[in-house]
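Taken together, the values in this text are just the output of simple stated rules run on the coordinates, not laboratory data. Since we're looking at a predicted model, the values are computed, not measured. Glycine gets a Cβ as well: all are built from the backbone with ideal geometry, and neighbour counts include every protein chain shown.
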Amino acid sequence: MELIDITLIWLGIIGLSVFMYVLLDGLDLGIGILYPFAPDEQSRDTLMNSVAPIWDGNETWLILGGAGLLATFPAVYTIYLPALYLGVFLMLAGLIFRGVAFEFRFKSSRTRPFWNAAFAGGSLLAAAAQGFVVGTYIQGFEVEGFTYVGGPLDWLTPFTAFTALSLVIGYALLGAAWGILKTEGLTQRWLYRLAPWLLLLLVLCLVGISVWTPLTQERIMARWLDNWAVLWPLPALGAAATVLLWQALRRRWELVPFFSGMALFVTVYLGLLVSQWPYMVPPEITFREAASAPESQLFLLLGVLLLLPVIIGYTAWTYWVFRGKVRAGAGYH
Amino acid sequence: MEILDPLLLSRIQFAFVISFHALFPVFTIGLAAYIAVLEALWYVTESAVYRQLSEFWVKIFAVVFGMGVVSGVVMSFQFGTNWSEFAFATANLLGPILSYEVLTAFFLEAVFLGILLFGRDRVPRGTHLFAACMVAIGTFISSFWILAANSWMHTPDGFEIRDGIVHVTSWLEAIFNPSLWYRFGHMGLASLLTGGFVVAGVSAYFLLRGRGLEMNRKALSMTLWLLLLVAPAQVLMGDLHGLNTFEHQPTKVAAMEGAWETRQGAPLYLFALPDADAETNHYAVGIPNLASLILTHHWDGEVHGLTEVSADQRPPVAPVFWSFRVMVGIGVLMVLAVLWGLWLRLRGRLYESRPFLRTLELMIPLPFVAVLTGWFVTEIGRSPWLVYGEIRLSEGVTPALTGGMALTSLLGYVAVYAIIFTAGIYYVTRIVHAGPGEVGPVDEPSHAKRPFSAADIPFDEDADSSNLSR
Ligand code: HDD
Ligand code: HEM
Ligand code: HEM
């Protein structure tokens with residue numbers, strides 16, 4: 001047992017699942033955020049179709065993340081959810097409306113404006129709610145033992161509102177990069193024009209957060225100042241990704257914006273983790289304290305090791321079965 | 001302020017969201033099995049009727065499944081938002097069980113559903129049948145895990161509590177706890193009954209209007225054979241389930257029976273108004289000794305009464321008592337209906353008898369009512385316990401939750417679900433009214449792998465058909 005640190009393995013798995021969710025659902029939420037501003041109704045069709053086959057699977061990662069956290073780091077599950085109670089409700093309401101709008105919109109005409117609004121509004125709401133989670137994670141939780149004792153609206157501060165805005169812009173940028181990859185003609189030209197502005201705003205937001213956070217949180221300031229010698233590559237890589245993204249947009253490259261956008265997200269995510277390490281519920285509870293019993297972590301780990309390859313196998317197989325469709329289908333250019 | 005009690009509001013909210021969610025899976029589990037059978041028959045006989053039926057029911061399945069998914073996402077956060085102390089105390093045990101549900105069932109369903117809905121012309125016929133079977137099996141696997149979690153809360157086993165936290169001592173005992181198989185069996189049969197009575201009712205609807213005669217006769221005949229087995233089996237299974245509960249949760253059974261005093265030769269009440277303050281029933285009408293006979297299989301067997309435990313350990317009696325009667329009443333009605341069907345069939349009048357077809361049509365909502373009242377019996381009968389005999393409801397609720405927050409979210413969920421539910425029901429009725437299409441090649445919709453896009457019926461009347469995916 002000493003040789004293998006199960007808690008550390010789980011930290012890796014959960015960290016990766018959360019990031020998978022952020023990237024995958026981030027791009028389809030981003031499409032929803034950009035959606036009302038699209039040049040015409042036909043572009044809207046195209047935009048929606050570009051994420052239609054994948055959003056469903058993307059959300060299964062959220063469910064796995066929720067159940068997985070309960071199983072392996074219960075303190076995170078049982079402190080974050082009460083602390084963000086109303087925010088969680090708003091996120092779920094957003095996801096519900098958006099989920100059914102996908103389906104009903106294509107079959108409606110009289111009620112179409114309603115489903116359009118449900119899709120855009122639901123995406124915006126869900127993205128903003130997730131931004132509040134990030135802000136609250138940076139800001140910290142008021143706990144006694146393993147119980148949340150703060151107020152119902154502690155998550156709603158100017159700082160968290162700023163992180164929410166930043167995440168909305170970030171998701172919109174991811175969505176735009178995805179759209180550039182998946183569309184052409186009018187829609188794609190519109191996205192090429194829009195994306196640099198989104199990037200500019202996002203960079204301003206990130207700089208804002210990077211200044212605001214250490215000024216209010218001494219521990220995070222100390223972390224960065226004391227370890228600057230090893231940590232400098234993170235912001236450097238972030239800057240490099242930004243420059244690459246900017247160039248790619250200017251030169252109208254199709255594939256690079258998406259990957260450089262993802263790279264930017266990776267550096268920001270790592271930066272956040274570094275700031276708070278080893279706390280999972282800052283400023284009190286570390287990931288080891290938040291962990292569930294070793295028997296439970298082991299029991300589930302066995303299942304994950306056994307089943308994940310199978311799941312990946314049959315997921316890949318269906319993607320292969322439908323491989324032609326993504327290009328050929330009517331709304332799919 | 002009574003009304004702003006976070007505990008009470010959380011209970012109402014939980015009951016509301018899970019009742020709403022449970023309506024969808026209970027139907028999709030039964031329907032998925034039916035679709036798999038149709039696909040198998042189509043594979044073997046190549047008779048177009050089966051394929052036509054399957055394609056019709058797959059459309060409905062897709063919409064109901066989609067609603068099940070969105071309401072299910074809400075469920076996975078309820079434990080943390082409103083019952084954080086409970087979730088924290090039981091995470092070692094319930095966390096892995098719920099995660100296994102995602103790993104073994106949800107991914108399976110989500111992935112093979114794509115093949116079932118859109119893959120008919122893309123994969124070999126055998127593979128398509130395989131996908132239908134995987135979806136059906138997936139729905140049963142997810143109910144297995146969720147019922148394992150729920151049953152553990154009723155008859156906890158295989159654990160010990162250290163410093164207020166549940167630690168698992170035996171996974172086998174915890175998962176296969178004493179009420180699991182009874183609950184799984186009863187719920188499985190309930191799903192088949194739900195799927196069966198809906199299919200039978202819809203076929204009756206078409207037969208009454210003279211539409212798609214050959215196909216709907218086939219569907220009616222098939223489902224009535226199935227229901228002839230399942231409806232009586234459910235009565236037996238319910239009896240066994242009740243006997244098991246009698247052994248492990250006698251107070252719950254006392255509430256179901258309206259039994260206040262422990263006595264021998266207890267009567268079975270058909271009607272009564274239980275009065276918790278006076279600890280008695282008003283206007284009771286009962287059949288002497290029958291409760292003893294059912295529960296102990298002795299004419300004079302002893303049935304425990306509610307007064308054996310102090311008042312703070314009793315569940316609210318009236319809702320349990322009445323929910324139980326509604327469920328059992330519907331179970332009996334179902335048996336009568338299938339016997340009527342058998343009698344008509346033997347006389348060769350199954351497809352002509354208008355009163356019978358009309359009855360089947362009217363019975364469509366009944367299985368859903370039975371399922372909900374069944375859950376009310378189970379869950380309300382458990383209170384004041386959250387984990388029976390171990391954790392009380394009041395110990396499980398989130399400490400930081402205020403009445404205002406709980407009320408806001410409760411009203412919010414009611415509003416959101418009201419809109420979604422209306423739209424969904426409206427759309428399903430439209431698909432049913434449009435009826436099964438003709439047999440022939442089906443075009444691939446342009447946006448694959450989304451549940452609802454299998455249904456190509458317009459949402460509003462004036463939807464312009466050029467927008468449709470067909
Ligand atoms: C179509 C649905 C349906 C029908 C016709 C019946 N039931 Fe049922 N019943 C359920 C659907 C259901 C359910 C929703 O599936 C429940 C709730 C929880 C559970 O395990 O099953 C349930 C619970 C439930 C319980 C509570 C178990 C506990 O203590 O947790 C008992 C004792 C019975 N049933 C007994 C019966 C009897 C004697 C029936 C026949 C006459 C019957 N049920 C018909
Ligand atoms: C607290 C209880 C529950 C939770 C947390 C929960 C959670 C969920 C979630 C997250 C989904 C969507 C999964 C997806 O993306 O495919 C779902 C769907 C489903 N649930 Fe539940 N659920 C609960 C209760 C139940 C019950 C009581 C049953 C049946 C016995 C059930 C059976 C199913 C099935 C079969 C599906 C597949 C979708 C469908 O058929 O509509 N669940 N559930
Ligand atoms: C699917 C159908 C279900 C229905 C209709 C249902 C219904 C209810 C009702 C009416 C209550 C309120 C009980 C009271 O006021 O005393 C309740 C409570 C609860 N149930 Fe269920 N339940 C279902 C399944 C489940 C499952 C699958 C689980 C867990 C895995 C579960 C866990 C709970 C919890 C945690 C509570 C809150 C405590 C309580 O009020 O009893 N239930 N449910």
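What is the average number of partner chain Cβ atoms found within 10 Å of a Cβ in A:302-315? Can you show the working numbers first?
Details: counts 1, 5, 3, 0, 1, 6, 2, 0, 4, 8, 1, 1, 7, 4.
The mean count of partner-chain Cβ atoms within 10 Å per residue comes to 3.
Please name whichever of B:Pro458, B:Gly72, B:Gly212 sits farthest to the positive end of the charge dipole of chain B, dipole taken about the Cα centre and charges placed at Cβ: Lys and Arg +1, Asp and Glu -1.
B:Gly212
Could you work out, residue by residue across A:291-300, how many beta carbons of other chains sit within 10 Å of that residue's beta carbon, and then give the average as an integer?
Across the residues of A:291-300, the mean count of other-chain Cβ atoms within 10 Å is 6.
Return the whole-Å distance between the Cα centroid of segment B:249-313 and the Cα centroid of segment A:270-298.
Computed from Cα coordinates, the inter-centre distance equals 51 Å.
Out of B:Leu94, B:Tyr351, B:Met327, whose Cα points farthest toward the positive end of the dipole of chain B (charges: +1 Lys, Arg; -1 Asp, Glu; placed on Cβ)?
The residue sitting farthest along the positive end of the dipole is B:Tyr351.
Enter the Cα centre distance for the pair segment B:1-76 and segment B:162-238, rounded to the nearest angstrom.
12 Å
Set the Förster distance to 22 Å, then compute FRET efficiency between B:Glu46 and B:Glu214 from the Cβ-Cβ distance, nearest 0.05.
Working: r = 16 Å, r/R0 = 0.71.
Step by step, r from the Cβ atoms, then E = 0.90.
To the nearest 10 degrees, how steeply does helix A:233-250 sit against the main Cα axis of chain A, on a 0 to 90 scale?
Helix A:233-250 sits at roughly 0 degrees to that axis.
Please go through segment B:317-374 and write out the trypsin sites (Lys or Arg not before Pro) that DSSP classes as loop and that have at most 12 other C-beta atoms within 10 Å. All intermediate terms of the calculation are to be shown ahead of the outcome.
Numbers: sites: B:Arg325, B:Arg345, B:Arg347, B:Arg349, B:Arg358; in loops: B:Arg347, B:Arg349.
Passing sites in segment B:317-374 are B:Arg347, B:Arg349.
Would you list A:Trp246, A:Trp178, A:Trp232 from fewest to most Cβ contacts within 10 Å? Write out the running numbers ahead of the final one.
On the way: A:Trp246 17, A:Trp178 25, A:Trp232 11.
Going from least to most buried by this count: A:Trp232, A:Trp246, A:Trp178.
Between the DSSP loop rule and a limit of at most 12 other Cβ atoms within 10 Å, which GluC sites (Glu not before Pro) in segment B:311-419 are left?
Values: sites: B:Glu352, B:Glu361, B:Glu379, B:Glu390, B:Glu395; in loops: B:Glu352, B:Glu390.
Passing both the DSSP loop test and the Cβ count: B:Glu352.
What distance in nm separates the two pseudo spin-label positions at A:Leu306 and B:His298, each 7 Å out from Cα along the beta-carbon direction?
Distance between the two pseudo-spin positions: 4.5 nm.
Counting partner chain Cβ atoms within 10 Å of every residue's Cβ in B:58-67, what's the average? The partial results should precede the final answer.
Values: counts 0, 0, 0, 0, 1, 3, 0, 0, 6, 4.
That works out to 1 on average.
Could you work out which residue, out of A:Ala128, A:Ala117, A:Ala195, moves most in a Gaussian network model of chain A, that is, has the largest mean-square fluctuation with Cα springs under 10 Å?
With Cα springs under 10 Å in chain A, the top fluctuation among A:Ala128, A:Ala117, A:Ala195 is at A:Ala117.
What angle, in degrees between 0 and 90 and rounded to the nearest 10, separates the Cα long axis of helix A:6-34 from the longest principal axis of the Cα atoms of chain A?
The angle comes out near 30 degrees.
Taking a ≥ b ≥ c as the square roots of the Cα gyration tensor eigenvalues, with a/c under 1.5 meaning rounded and otherwise prolate when a/b beats b/c, else oblate, which class fits segment A:26-164? Can you show the working numbers first?
On the way: a/c = 2.73, a/b = 2.00, b/c = 1.36.
It is prolate, given that a/c is not under 1.5 and a/b is the larger ratio.
Within a Cβ distance under 13 Å of B:Pro399, other residues only, what is the Lys/Arg minus Asp/Glu net charge?
Working: positive: none; negative: A:Glu142, A:Glu144, B:Glu85, B:Glu395.
Summing Lys and Arg as +1 and Asp and Glu as -1 gives -4.
Determine the shape class of segment A:267-324: with a ≥ b ≥ c the square roots of the Cα gyration tensor eigenvalues, call it rounded for a/c under 1.5, and otherwise prolate if a/b is greater than b/c, oblate otherwise. Could the numbers behind the result be given before it?
Values: a/c = 5.47, a/b = 1.63, b/c = 3.35.
Since a/c reaches 1.5 but b/c is at least a/b, the shape of segment A:267-324 is classed as oblate.
Spin-label point model (7 Å from Cα, Cβ direction): what's the B:Ala415 to B:Phe140 distance in nm?
Simple spin-label model gives 4.3 nm for this pair.
To the nearest 10 degrees, how steep is helix B:213-248 against the longest Cα principal axis of chain B, on a 0 to 90 scale?
10 degrees
Based on Cβ point charges of +1 for Lys and Arg and -1 for Asp and Glu, what charge dipole magnitude is obtained for the protein assembly as shown about its Cα centre, in debye rounded to the nearest 20?
On the way: 45 positive and 58 negative charges, 618 e Å.
Dipole about the Cα centre, nearest 20: 2980 debye.
Work out the length of the dipole vector of chain B about its Cα centre, built from +1 on the beta-carbon of each Lys and Arg and -1 on the beta-carbon of each Asp and Glu, and round it to the nearest 20 debye. Before the final figure, lay out the partial values.
Values: 27 positive and 38 negative charges, 334 e Å.
My answer is approximately 1600 debye.
What is segment B:65-137 by shape, rounded, prolate or oblate, if you read a ≥ b ≥ c off the alpha carbon gyration tensor as root eigenvalues and call it rounded for a/c under 1.5, prolate for a/b larger than b/c, and oblate otherwise? Let's see the in-between values first.
Values: a/c = 5.41, a/b = 2.57, b/c = 2.10.
Prolate.
How much length, in nm to one decimal, is gained on full extension between B:His282 and B:Leu270, taken as 0.36 nm per residue of separation minus their Cα-Cα distance?
Contour length minus the Cα-Cα distance gives 3.1 nm.
For A:Arg250 and B:Ile425, what does the FRET efficiency come to when R0 = 45 Å and r is the distance between their Cβ atoms, rounded to the nearest 0.05?
So the FRET efficiency works out to roughly 0.30.
If you take the charge dipole of the protein assembly as shown about its Cα centre, with +1 on Lys and Arg Cβ and -1 on Asp and Glu Cβ, which of A:Phe114, B:Pro365, B:His297 is farthest toward its positive end?
Looking along the dipole axis, the top candidate is A:Phe114.
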